[in-house]
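Undergrad: Pasting a structure here, questions to come.
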Amino acid sequence: MELDKSLVSGSMAMLVLKLLEDGDKYGYQMIEELCRRSDDTFHLKAGTLYPLLHGLEEKGLVTAYEGEAAAGKPRRYYRLTKRGHGALREKETAWNAYAQAVGRVLKGGACFA
């Protein structure tokens, strides 16, 4: 079953910030890691990732720098900023509250009148 793209696009910034939480990464590395961590559910394209990263950089949530590659030209690495850590915590809290509420509705949860 294919995922609804509107569900994915709303959470992608949070997922990218989460990928950077455990260390600096370059674009292709993030694409591969997201695919791996999601058990092959998320297939992020470079054309989606890089505009997202640039937007996060403009908001001060990530910084970028040039780093050496094992072979070939230098790679652009991204690092989560202090502000990015805070934004990630807020996004995770909001997502968890949302997911719990959706879960309650789907399970026919209690309704208080």
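Undergrad: Please identify the pairs in which a residue from region 94-113 that is farther than 19 Å from Met12 by Cα has its Cβ atom under 9 Å from the Cβ atom of a residue that is modelled with pLDDT of 90 or more, counting only partners at least 6 apart or on another chain.
TA: Hits for this filter: Gly109/Ala101; Gly109/Gly103; Ala110/Arg104.
Undergrad: I'd like to verify a number: residues in region 21-51 that are in contact with a helix residue (DSSP H, G or I) (Cβ under 7 Å, 6 or more places away or on another chain) and either under 15 Å from Leu88 (Cβ atoms) or assigned to a helix (DSSP H, G or I) (or both), how many?
TA: 10
Undergrad: May I ask you to say which residue of His85, His54 is in a helix (DSSP H, G or I) and in contact (Cβ under 8 Å) with a residue 60 or more places away in the chain?
TA: His85
Undergrad: Additional query: Among the residues in region 88-105, are any modelled with pLDDT of 95 or more and assigned to a loop (DSSP other than H, G, I, E, B)?
TA: no
Undergrad: Can you tell me which condition His85 does not meet? The list is (1) surrounded by 11 or more Cβ atoms within 10 Å (Cβ to Cβ); (2) touching a strand residue (DSSP E or B) at 6+ places or on another chain (Cβ under 9 Å), and all the others hold.
TA: With (1) surrounded by 11 or more Cβ atoms within 10 Å (Cβ to Cβ); (2) touching a strand residue (DSSP E or B) at 6+ places or on another chain (Cβ under 9 Å) applied to His85, the lone miss is (2).
Undergrad: Further question: Test Tyr26 against the criterion of being among the aromatic types (Phe, Trp, Tyr), in contact with a Lys or Arg (Cβ under 8 Å, 6 or more places away or on another chain) and modelled with pLDDT of 95 or more, and give yes or no.
TA: Yes: the conditions hold for Tyr26.
Undergrad: Evaluate the following for Gly72: is it at pLDDT below 95, small (Gly, Ala, Ser) and loosely packed, with under 13 Cβ neighbours inside 10 Å?
TA: Here the answer is yes, as Gly72 does meet what is asked.
Undergrad: Which of the residues belonging to region 76-104 are of a type in the set (Val, Ile, Thr) and over 18 Å from Leu61 (Cα atoms)?
TA: If the condition is that a residue be of a type in the set (Val, Ile, Thr) and over 18 Å from Leu61 (Cα atoms), then Val102 is the only one that fits.
The values are calculated or read from the model by the stated rules, or taken from the named source; none is laboratory data. Everything numeric here is computed off the predicted structure, so don't read it as measured data. Cβ: placed from backbone, ideal geometry, glycine included. Neighbour counts: every protein chain shown.
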